[in-house]
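A.B. asks: Here's a structure for you.
A short reminder: the numbers here are calculations on the coordinates, not readings from a lab. These numbers were taken from a predicted model, which means no experiment stands behind them. Reconstructed Cβ throughout: ideal geometry from the backbone, glycine too, with neighbour counts over all protein chains shown.
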Amino acid sequence: MKIGIIGAGPAGISCAYQLAQKNIEVDLYEADSVVGGMAKTIELWNQKVDLGPHRFFSSDPRVNQLWLDVIGDDYEMVNRLTRIYYKNKFFYYPLKPFDVLSKLSYLGILKGILSYGKEKLFPTEQDGTFETWVIKRFGQYLFDCFFKTYTEKLWGISCAELDADFAAQRIKKLSMYEAVKTSLVGNRNHKHRTLLDQFAYPKHGTGEIYYKMAECIQKNKGRIFLSTPVLKVIKKGNTAVAIETIDSRIKFYDHIVSTMPISDVVGGFSDVPPEVSEATKTLRYRNTILVYLRVKQALYFPDNWLYIHSPDLLMGRLTNFKNWVPAICNGQSDTILALEYWCFDSDSLWTMDDDKLIHMANLEMEKTGLLGNGKISDGYVRRIHRSYPVYYKGYKSRLKKIEDYLDTIKNLTLIGRNGTFKYNNQDHSILMGILAAENIAAGKAHNLWDINTDYEYQEKYAVTETGFKTQRDCNNT
């Protein structure tokens, strides 16, 4: 067998790694000059930084085992602190009710209690949107404070247009009841921290896991073609047979695995049914602009990253790389911050000059007050095209038409965040890569469309400083 894989992000490279381990011939194509996709690590000002905050955690033993097999002991456990920045105050996330109550005004506390009580007596009717999903669980006031602004910054649409699927995938276990219970009970009986409190992180950046995978692939005679964008997948009848690269080269394969946007794959075919073609045109993606700022001193606000809910700031998330692991700082005293902005292709922000973006980021950092006496000495801009699939209300019915059509094409597998139009974490994408490899190499029939829907491994596993254990083992240690 000869397998062609498009995209060396977490999904594509994990699939290639698994197949190469089985001595299956693999060609891996990547448009960028390095592997890792959105989880790559880059060198900047003699330090290492990621493309925003990327923590690894998984409850699935297959994903954890693969991660540990690749990284070995070259990782550390990082104590997680992430907070919401709202009206010049910091609120813990996940939300802690007593923390919220201690920082709201008396009027805010009253509004929060009354709106939550109203939902208990007269629950908001569910219409399939993120807005009604959250309001039912927290009340209108807390929704307005801690969910609405950030969510609309990220997606660029109203919460009343965003599908409830986003909440179901990302915050399905978050409710006022669970938040209160956690605040009261905490983790006092656990020797090991929970996944919410701590996460595993490679000593040289999150991209290290994928760089090590690439080395293993090449040692097993797999080939990796960097700076080689793929133009389209070519099919003959209802069978995928080849890929065409941007320089018009055509390579034939027994099976093709694609992580390129699902709309690009379908758009490359000439005989797509009209209803599928129309459904594909409705899919939209959100872009990310990362503005890195170099601060000429160590900044001591303790968060790994902050969610910026303040409506007067355009940035949506702020990462402080000083608070991850010492090795990525390379002994430098400077602090590198990453400010994230999100936009569509049509937004003026996407084409704004780098110097203007850096100037805007400078002003926004000064406005937060987090710089203290720190002085910004340099800036760098990184743009990521189509980084988030947008979950418009009702998108699933249109996506299902596309999935059903693609299922009729033999020897073609789609995986990854853009490949399946799912808001994957690293672990979801790695799992897709593992299972895609099993389908190809062992004739398994895993339904990859189901991953990151209601998927959840029954036994809880966690990577710890000594390997990975079940959550039960952690609790009893």
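A.B. asks: Using 0.36 nm per residue, how much length does the chain from D347 to K410 gain when fully extended, once their Cα-Cα distance is taken away? Walk me through the numbers on the way to the answer.
C.D. replies: Values: separation 63, 0.36 × 63 = 22.68 nm, distance 3.82 nm.
Full extension of this stretch gives 18.9 nm more.
A.B. asks: So what's the angle, to the nearest 10 degrees on a 0 to 90 scale, between helix 426-442 and the longest Cα principal axis of the chain?
C.D. replies: Helix 426-442 sits at roughly 20 degrees to that axis.
A.B. asks: May I pose another question? Using alpha-carbon pairs under 8 Å, 6+ residues apart, how would you state the relative contact order of the chain in percent? Display every interim value, and only then the final one.
C.D. replies: Values: 917 pairs, mean separation 124.0, N = 477.
Contact order relative to length: 26 percent.
A.B. asks: Also: Report the Cα centroid-to-centroid distance between segment 375-444 and segment 1-46 in angstrom, as an integer.
C.D. replies: Each part reduced to its Cα centre gives a spacing of 14 Å.
A.B. asks: According to a simple spin-label model (label point 7 Å from Cα along Cα-to-Cβ), what is the distance in nm between E465 and D450?
C.D. replies: 3.9 nm
A.B. asks: Tell me, in nm to one decimal, what length is gained between N46 and S227 on full extension, where the rule is 0.36 nm per residue of separation less the Cα-Cα distance? Before the final figure, lay out the partial values.
C.D. replies: Details: separation 181, 0.36 × 181 = 65.16 nm, distance 2.37 nm.
The N46-S227 span can extend by a further 62.8 nm.
A.B. asks: Helix-only mean residue ellipticity at 222 nm, the chain, DSSP H runs n ≥ 4 weighted -39,500 (n - 2.57), per residue, nearest 500. What is it?
C.D. replies: Working: 17 runs with 162 residues, N = 477.
That comes out to -10000 deg cm²/dmol.
A.B. asks: Whole angstrom only: what separates the Cα centroid of segment 246-293 from the Cα centroid of segment 120-139?
C.D. replies: Their Cα centres are 35 Å away from one another.
A.B. asks: May I ask for the longest run of the chain untouched by chymotrypsin sites (Phe, Trp or Tyr not before Pro) that are loop-located per DSSP and have at most 13 neighbouring C-beta atoms (other than their own) within 10 Å?
C.D. replies: Numbers: sites that count: Y300, Y455.
Looking at the chain, 1-299 is the longest stretch - no exposed chymotrypsin sites (Phe, Trp or Tyr not before Pro) with at most 13 other Cβ atoms within 10 Å.
A.B. asks: For a quick check: with amide H placed at 1.01 Å from N, whose amide H comes under 5 Å from L231's, ignoring anything fewer than 5 positions away on the same chain?
C.D. replies: Result for L231 returns E244, T245, I246.
A.B. asks: Moving on to the next point. Which whole-number percentage describes the relative contact order of segment 285-389, with Cα contacts under 8 Å and a sequence gap of 6 or more?
C.D. replies: Contact order relative to length: 48 percent.
A.B. asks: Same structure again: Please identify every one of the trypsin sites (Lys or Arg not before Pro) in segment 65-169 that sits in a loop by DSSP and has no more than 15 other beta carbons within 10 Å of its own beta carbon. Present the calculation step by step, with values, prior to reporting the outcome.
C.D. replies: Working: sites: R80, R83, K87, K89, K103, K111, K118, K120, K136, R137, K148, K153; in loops: R80, K87.
Answer in residue order: K87.
A.B. asks: Tell me, what ³J(HN,Hα) does each residue in segment 147-155 have, in order and in whole Hz, if you take phi through Karplus 6.51 cos²θ - 1.76 cosθ + 1.60 with θ = phi - 60° and put x for Gly and Pro?
C.D. replies: 10, 4, 5, 4, 4, 6, 5, 5, 9
A.B. asks: Oh, and also: What's the longest uninterrupted piece of the chain once you rule out the GluC sites (Glu not before Pro) that are loop residues per DSSP with at most 15 other Cβ within 10 Å? All intermediate terms of the calculation are to be shown ahead of the outcome.
C.D. replies: Values: sites that count: E125, E456, E459, E465.
Longest stretch, sites excluded: 126-455.
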